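Working notes for the structure below.
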């Protein structure tokens, strides 16, 4: 059964249903122009179905819409695909929604391969949503994949013109992506403009398919979400999953990566923010052997993170480069900071080793470390060089045994306040050009 290129020149509602076929290798293409369109593509209980490709795209164009275009795609089975191929130069997708003014487009995509025995998962290859003017609201994408070996290759949401993020019809894009299963991948989510929101939820193991590593190698990329502009928001949740990897990149001012939660073991997360007054809040890391890296470049940035419920062998790094930045790290567990409890020691290894670290380069920065547990090892450094790193503050409170801390503050007028309670702990503090003290 094949339905090809149905085009409508006026406002209409369209339902494309493959439900009567319950078969394989169906293809659905759709073109709707002008305003206020609605469409449903139902490809149920089959394999190898396609919705939109280079020579038969899914297109919804809203010029002066008052309601916004809506599209729902439902695919059950294995090896199904949405948005394959390329529409035209510059549009870069077989799934394209455009609105010029008024409310944005809405796309809801559901793919479920959980009830199939086939090894091949489903894919959302390319989705492109665009708001053309400042008077156009952003679009909404909700994509849900259930089963194993599913992939979201590319989601691109772009808005031209400015937005204040509060007036109706001038809101940013939102992408809500959820994967439940193993060996799944969200390769790229790219949002440009202001007041964008991305919410990523992963349940299962070995999602992300690769790399990052070494304090999550912070430059982002690999499996990643990219936001450029101002006042954008990212939320990321790993629930009951191991061996997942993901990277975030935010470029601009006033961006936030908040409510980040990881529940599981051997997960990796890298977050890179470039700009001013950005915020990272890693609410909870619960599990063992996770690798987390946060980097912020700019002025007035804030980063906070917590390792909870006795998590152990987690590697953690926070790097901030700029002025008046704030970093805080709270740990409840053992052997965190380095990959094992053998790091630092002996006057905190004479203030060396920044493997488990909080590092701030610049002036008037604040760093706080709170540790409850044993065998944790962290280094805290402020100031890039003499004359560049004045007026910084480090505060540390450590409770437990055999913990090690190295504190290094370069330049002048810095303050370090460190307390250790327990047995066998070591702390080295170096300020300016003086030798470490204990």
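The values are calculated or read from the model by the stated rules, or taken from the named source; none is laboratory data. All figures in this text were calculated on a predicted structure; none of them were measured in a lab. As a convention, Cβ positions derive from the backbone with ideal geometry for all residues, glycine included, and neighbour counts pool all protein chains shown.
Before we move on, is residue 269 in contact (Cβ under 8 Å) with a residue 40 or more places away in the chain and surrounded by 24 or more Cβ atoms within 10 Å (Cβ to Cβ)? Against the criterion (in contact (Cβ under 8 Å) with a residue 40 or more places away in the chain and surrounded by 24 or more Cβ atoms within 10 Å (Cβ to Cβ)), residue 269 qualifies. For the range 352-365, does any single residue satisfy the condition of being in a loop (DSSP other than H, G, I, E, B), modelled with pLDDT of 80 or more and under 26 Å from the mean Cα position of the chain (by Cα)? Yes, because at least one residue in the range 352-365 is in a loop (DSSP other than H, G, I, E, B), modelled with pLDDT of 80 or more and under 26 Å from the mean Cα position of the chain (by Cα). Only one of the listed residues (247, 293) is crowded, with 24+ Cβ neighbours inside 10 Å, touching a residue at least 40 places away in the same chain (Cβ under 8 Å) and within 15 Å of the chain's Cα centre (by Cα). That residue is 293.
State whether one or more residues within the range 135-155 are assigned by TED's automatic domain parsing to the domain that holds residue 75, closer than 28 Å to residue 182 by Cβ and at pLDDT below 80. No, the conditions are met nowhere in the range 135-155.
For every residue, the table says whether it meets (1) part of a strand (DSSP E or B); (2) within 30 Å of the chain's Cα centre (by Cα); (3) over 18 Å from residue 314 (Cα atoms); (4) at pLDDT below 80.
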position	(1), (2), (3), (4)
370	yes, yes, no, no
394	yes, yes, yes, no
401	no, no, no, no
413	no, no, yes, yes
417	yes, no, yes, no
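Taking (1) out of contact with any strand residue (DSSP E or B) (no Cβ under 9 Å at 6 or more places or on another chain); (2) in a strand (DSSP E or B) in turn, residue 247 satisfies each apart from (1).
Taking the stated definitions as given, is residue 318 assigned by TED's automatic domain parsing to the domain that holds residue 362 and in a strand (DSSP E or B)? So that I can check it myself, show each step before the final result.
Numbers: assigned by TED's automatic domain parsing to the domain that holds residue 362: yes; in a strand (DSSP E or B): yes.
Considered against the rule, which asks whether it is assigned by TED's automatic domain parsing to the domain that holds residue 362 and in a strand (DSSP E or B), residue 318 comes out as yes.
Under the condition of being surrounded by fewer than 22 Cβ atoms within 10 Å (Cβ to Cβ) and in a strand (DSSP E or B), the residues counted in the range 250-266 number 6.
Within the range 267-287, the set of residues being at pLDDT 80 or above and assigned to a loop (DSSP other than H, G, I, E, B) comprises 275, 276, 277, 278.
Within the range 182-203, restricting attention to residues that are touching a strand residue (DSSP E or B) at 6+ places or on another chain (Cβ under 6 Å) and part of a loop (DSSP other than H, G, I, E, B), the residue that is surrounded by the fewest Cβ atoms within 10 Å (Cβ to Cβ) is 187.
For the range 1-74, which fully contained strands (runs of 3 or more DSSP E) count at least 3 residues that are in the same structural domain as residue 124 (by TED's automatic domain parsing) and at pLDDT below 75? Reasoning before the result, please.
Working: elements: 2-8, 13-17, 27-32, 38-43, 58-62.
Because the criterion is at least 3 residues that are in the same structural domain as residue 124 (by TED's automatic domain parsing) and at pLDDT below 75, the strands (runs of 3 or more DSSP E) in the range 1-74 that meet it are 2-8, 13-17.
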